[in-house]
Amino acid sequence: MSHSLPFSPPSAWIARFAPLVPPGARLLDLACGGGRHLRFFHGRGCHVTGVDLDLRGVADLVGQERVNLLQADLENGNPWPAALADFDAVIVTNYLYRPLLPDLLAALKPGGILLYETFAMGNQRFGRPSSPAFLLRAGELLELARGRLHVVAFEQGEVSSPKAAVIQRLCAIAQRPAAPDLDGDPAPVPLPPA
Ligand SMILES: C[S@@+](CC[C@H](N)C(=O)[O-])C[C@H]1O[C@@H](n2cnc3c(N)ncnc32)[C@H](O)[C@@H]1O
């Protein structure tokens, strides 16, 4: 006998770091699709915002408390929607449109968490996506994080579940701006060359 869930389960990577996103957090799921992560975090008490070109997969969530849905073409060159700001968590899975990456980081509050998981170069041998436009380059998410996010965990490589694929995934926290030096201590004087 086969059992089928009504909705796809969350990615194991996203579920692993979900405890870092407390109940009440404001969470954005970019290209949310059928809303597997919206549903997961909504069930954990978060205020969830889902954005997608096609919202038919989340039609059942319309009007629910703590759910905000935005139909948008994220790739048409329009400016990033102003309402998509100040999130405690941003989730992106199985989606890549490189021009949005700076906007994604800017949408995070200081201390907010970025959970990203998508296909990477090498996935071509398993099928789609196979275009380099949709595949992360080696270490690309680490590069994205450098100087802006504290990396909690990063992985890249081949997986066999839920299907054979080459993927890359990141969990990282947006850095808080450095506090100003209120003592006005002078900058250290460089030592003269020996
Ligand atoms: C492979 S699905 C991933 C869905 C979801 N993130 C998940 O992992 O279950 C990719 C999603 O990207 C959305 N998408 C593709 N092009 C888009 C665009 N130009 N603007 C907004 N969403 C887009 C699709 O509608 C689809 O829901």
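On the stretch given as segment 75-96, residues that are in contact (Cβ under 8 Å) with a residue 60 or more places away in the chain, surrounded by fewer than 19 Cβ atoms within 10 Å (Cβ to Cβ) and within 12 Å of the ligand (Cβ to nearest atom) total 1.
Here is a yes/no grid of residues against (1) more than 12 Å from the ligand (Cβ to nearest atom); (2) surrounded by 19 or more Cβ atoms within 10 Å (Cβ to Cβ):
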{"site": "PRO9", "(1), (2)": "no, no"}
{"site": "ALA15", "(1), (2)": "yes, no"}
{"site": "GLY24", "(1), (2)": "yes, no"}
{"site": "LEU30", "(1), (2)": "no, yes"}
{"site": "GLY34", "(1), (2)": "no, no"}
{"site": "PHE41", "(1), (2)": "yes, yes"}
{"site": "GLY45", "(1), (2)": "yes, no"}
{"site": "ARG66", "(1), (2)": "yes, no"}
{"site": "ASP73", "(1), (2)": "no, no"}
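One residue stands out among those in segment 56-93 that are among the hydrophobic types (A, V, I, L, M, F, W, C) and in contact with a Gly (Cβ under 9 Å, 6 or more places away or on another chain): the one that is farthest from LEU141 (Cα to Cα), which is LEU61. Tell me, which residue of segment 47-64 that is among the small types (Gly, Ala, Ser) and surrounded by 15 or more Cβ atoms within 10 Å (Cβ to Cβ) is nearest to the ligand (Cβ to nearest atom)? My answer is GLY57.
Each value in this text was obtained by applying a stated rule to the coordinates, not by laboratory testing. Because the structure is a prediction, the values reported are computed rather than measured. Cβ: placed from backbone, ideal geometry, glycine included. Neighbour counts: every protein chain shown.
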